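Chemist: Let me give you the structure first, and then I'll get to my questions.
The values are calculated or read from the model by the stated rules, or taken from the named source; none is laboratory data. The structure displayed is predicted, hence computed values, not measured ones. Cβ sites come from the backbone with ideal geometry, for glycine too, and all protein chains shown count toward neighbours.
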Amino acid sequence: MAAGKKLLLGVVSRRSETVCRTLLTLVWLCTLLSDVVFSLPEDEWDIHRDNRHHNGHAMRVTSLRRRPVSPNFRSEGLWEDLKKLDVSLPDFNVDVMENIEELPTETEPVERTEDEGSRPEDGEDLIHELEKDVVTDNVTSEEVKLGVNYMLEFGYLPKEMVNSTHASVVKSRGKRMVAEAVRSVQKSYGLLATGILNPATLAAIRKPRCGVPDVLARYALSGTKWAKNDLTYRLETLTSHLTETEVHEAIRNAFRVWSDYTPLTFTHVPSGRVDIVVKFVTGDHQDGSPFDGRFDFHTGRGLRLAHAFQPPRDSNTYYIDGDTHFDADELWTLNTPEGTNLFQVAVHEFGHALGLSHTPVPGTIMFPAYIYKDNYCMHPDDKMAIQSLYGQAEKPDPIIPECSPLPDRCRRAEFDAVFQFRGELFFLKDVYFFRINQRNNRVSGPDPITHFWSGLPNKIDAAYERIHDGKLIFFSENLFWLFEGILPEPGYPQPISRFGLPVDSVDAALPWRPTGKTYFFKDEYYWRYDELKGEIDPGFPRPITVWRGLPTHIDAAFEATEDGHVYFFKGKHYWKYSETRYRVVRGYPRETSDGWMGC
């Protein structure tokens, strides 16, 4: 079957008619259905989407089962003719089959033979088999289950794998396929692609996200686009968490993000036929992609925030093309990291409605996970993608600016903060971080800080991992934030005066194991803080010159516990300080780009 070919199969049955009349009816319908366009109100049709196999191809099948009321054909004459034929339609079915991809060799149907007394394995059995194939590092069985379900739900493992006909595939190739799927997940979130399910991977997939499965590329196109530049939309239902005016403004501004960089226009039409229908719905809303309730980080439930359907493919159009749905159970907000930001999610979903797919590039609009951004901007990757579909037409004063250039770790190796966290080093610059794996010295990034720690401001002055409980503290100007891993603690930010510091900001923070205390540096002075007592030690501040060989006004500091030294950073240079000699080691300072960034 040629790629993109669509089959429309209609079956009309009437219980009390003769076989002859039924056959005649079928022949007659087959001559008409190719020219008929259906109007499918949600209260008259049950709609279900599924992936199936057909002649060795993977098919996306949309099944429409009409409920026992009169269908609303746009061709009134056809409905009148059906009534004259006395054909009742409670069992009217339509299957729309679309060739979406060649079947991968791992998921080709495999013929099974069963020994006497054996039984076919059901989906739960095969999911359990897949869970046993996952190679893990410090994760629980429940987290393994979460990981496998995630890979099945979002396209990293084909759902066909858990059909009983593929039991032999799971048993013979499951381990290799699962490892490759885990690697793909890790690549999509900018993690080291080991194929091992670890806490960092679990933290990434616990983030709320778009409900559209991932097909990832540097910038990704779905293969479809609108054949016109002037599009219409209608907002059908609202969220209870925002006013009608707020929702309309957020949706209008989200469309404007894309029209500011292309020739596209978007016009709201309150009634009649439109190109894109926008609405808030809950649970199973009859489009084959049910929502799952409000997001809960701890349980992993409620990951799906919204989804959108692609533009029409070729000349074949369906009533749901381009439509965009938001989960009404979510706490939709505006201009705050609390809840889920409607504007930012809508921009992402309208990207899908215009023909964009997900990209693994962190910081992009089309990144699959939802990460609130204070500094929301048009990433070059997104701009290149949308303009490749619709052309360039940049307008003055766009609603969001283009993103500033990414920090260059070699040419401009100057950092705002440096800290250790769970065996890795993080170098922060503006809204980005570089990460160093201390086992192999591999440098990755830059990635947005909000990729891990949401709700932080655009510039961090200092950060450290507390010695006694492993919690992270970030400082920006006169405030600090507390995190348990990547989860923000409630009640923050708070003023840094809570530490007893008589300053309005800090330059660097250093937890030092020889004393078990935390050291804060500002200009020419430093303070020693007792975490357990919650107070500054007597006799402080003291001049930084006590740390022999160090400059004043440092930018960052951290202790390398494995080599017995503390490293201080200022500008493009760093100093190595001996914990035994209490002075800077000879031969320093050196350039940070050479010593840490692998340049």
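Chemist: Would you confirm, using the coordinates I've provided, whether K576 is basic (K, R), buried (at least 20 other Cβ atoms within 10 Å of the Cβ) and closer than 29 Å to D408 by Cβ?
Modeler: no
Chemist: Go through segment 487-504 and count every residue that is surrounded by fewer than 18 Cβ atoms within 10 Å (Cβ to Cβ) and at negative phi.
Modeler: Total satisfying the criteria: 11.
Chemist: Scan segment 528-555 for residues that are under 16 Å from F568 (Cβ atoms), surrounded by 13 or more Cβ atoms within 10 Å (Cβ to Cβ) and hydrophobic (A, V, I, L, M, F, W, C) and jot them down.
Modeler: Within segment 528-555, I544, W547, L550, I554 meet the criteria.
Chemist: While we're looking at this one, here's another question. Would you be able to tell me the number of residues in segment 391-430 that are in contact with a Lys or Arg (Cβ under 8 Å, 6 or more places away or on another chain), in the same structural domain as A463 (by TED's automatic domain parsing) and more than 16 Å from H573 (Cα to Cα)?
Modeler: Selection size over segment 391-430: 5.
The rows are residues; the columns are (1) modelled with pLDDT of 90 or more; (2) hydrophobic (A, V, I, L, M, F, W, C); (3) assigned to a loop (DSSP other than H, G, I, E, B); (4) under 24 Å from L235 (Cβ atoms).
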position	(1), (2), (3), (4)
H358	no, no, yes, no
P362	no, no, yes, no
D381	no, no, no, no
I400	yes, yes, yes, yes
L406	no, yes, yes, no
C410	no, yes, yes, no
A413	no, yes, yes, no
L425	yes, yes, no, no
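Chemist: Right, something else. Could you check I436 against (1) outside any loop (DSSP other than H, G, I, E, B); (2) surrounded by 21 or more Cβ atoms within 10 Å (Cβ to Cβ); (3) in contact with a Lys or Arg (Cβ under 8 Å, 6 or more places away or on another chain) and say which number it fails?
Modeler: Against the list (1) outside any loop (DSSP other than H, G, I, E, B); (2) surrounded by 21 or more Cβ atoms within 10 Å (Cβ to Cβ); (3) in contact with a Lys or Arg (Cβ under 8 Å, 6 or more places away or on another chain), I436 comes up short only on (2).
Chemist: Take F499 and tell me if it is touching a helix residue (DSSP H, G or I) at 6+ places or on another chain (Cβ under 7 Å) and more than 19 Å from Y574 (Cβ to Cβ).
Modeler: Against the criterion (touching a helix residue (DSSP H, G or I) at 6+ places or on another chain (Cβ under 7 Å) and more than 19 Å from Y574 (Cβ to Cβ)), F499 does not qualify.
Chemist: Follow-up question, since we're still on this one. Given the structure, is Y156 at pLDDT 85 or above, under 17 Å from the mean Cα position of the chain (by Cα), surrounded by 19 or more Cβ atoms within 10 Å (Cβ to Cβ) and not small (G, A, S)?
Modeler: So Y156 fits the description; yes.
Chemist: Can you report the number of residues in segment 395-405 which are out of contact with any strand residue (DSSP E or B) (no Cβ under 6 Å at 6 or more places or on another chain) and surrounded by fewer than 16 Cβ atoms within 10 Å (Cβ to Cβ)?
Modeler: Here the count works out to 7.
Chemist: Is there a residue in segment 542-557 that is without any contact (Cβ under 8 Å) to a residue 12 or more places away in the chain, under 28 Å from R442 (Cα atoms) and not aliphatic (A, V, I, L, M)?
Modeler: No, every residue in segment 542-557 fails to be without any contact (Cβ under 8 Å) to a residue 12 or more places away in the chain, under 28 Å from R442 (Cα atoms) and not aliphatic (A, V, I, L, M).
Chemist: What do you reckon, is W258 farther than 20 Å from E338 by Cβ, at pLDDT below 95 and buried (at least 19 other Cβ atoms within 10 Å of the Cβ)?
Modeler: Criteria not met by W258.
Chemist: Additional query: Are there any pairs, at least 6 apart or on different chains, whose C-beta atoms fall under 8 Å, with the first in segment 441-454 and on the phi > 0 side of the Ramachandran plot and the second assigned to a loop (DSSP other than H, G, I, E, B), and if so, which?
Modeler: N441/G598; G445/G190; G445/R409
Chemist: I've got another one for you. Any residue that is touching a strand residue (DSSP E or B) at 6+ places or on another chain (Cβ under 6 Å), surrounded by fewer than 21 Cβ atoms within 10 Å (Cβ to Cβ), among the hydrophobic types (A, V, I, L, M, F, W, C) and over 27 Å from Y156 (Cα atoms) - is there at least one of those in segment 364-372?
Modeler: no
Chemist: Hey, another quick one. Grab the strands (runs of 3 or more DSSP E) fully contained in segment 480-599, keeping just those with 2 or more residues being in the same structural domain as G445 (by TED's automatic domain parsing), in contact with a strand residue (DSSP E or B) (Cβ under 6 Å, 6 or more places away or on another chain) and within 28 Å of P407 (Cβ to Cβ). Don't jump to the end; show me each part of the working.
Modeler: Values: elements: 508-512, 517-522, 525-530, 556-560, 565-570, 573-578.
So the answer is 508-512, 517-522, 556-560, 565-570, 573-578.
Chemist: Then there is this: Looking at segment 457-479, which of the residues that are assigned to a loop (DSSP other than H, G, I, E, B) and in contact (Cβ under 8 Å) with a residue 60 or more places away in the chain is surrounded by the fewest Cβ atoms within 10 Å (Cβ to Cβ)?
Modeler: Across segment 457-479, the extreme among qualifying residues is H468.
Chemist: Check D408, D382, D430 and return the single one that is out of contact with any Cys (no Cβ under 8 Å at 6 or more places or on another chain), of a type in the set (D, E, K, R) and surrounded by 24 or more Cβ atoms within 10 Å (Cβ to Cβ).
Modeler: D382
Chemist: To continue, here is another question. Go through segment 254-278 residue by residue and tally those that are closer than 19 Å to L305 by Cα and out of contact with any Leu (no Cβ under 7 Å at 6 or more places or on another chain).
Modeler: Number of matching residues: 3.
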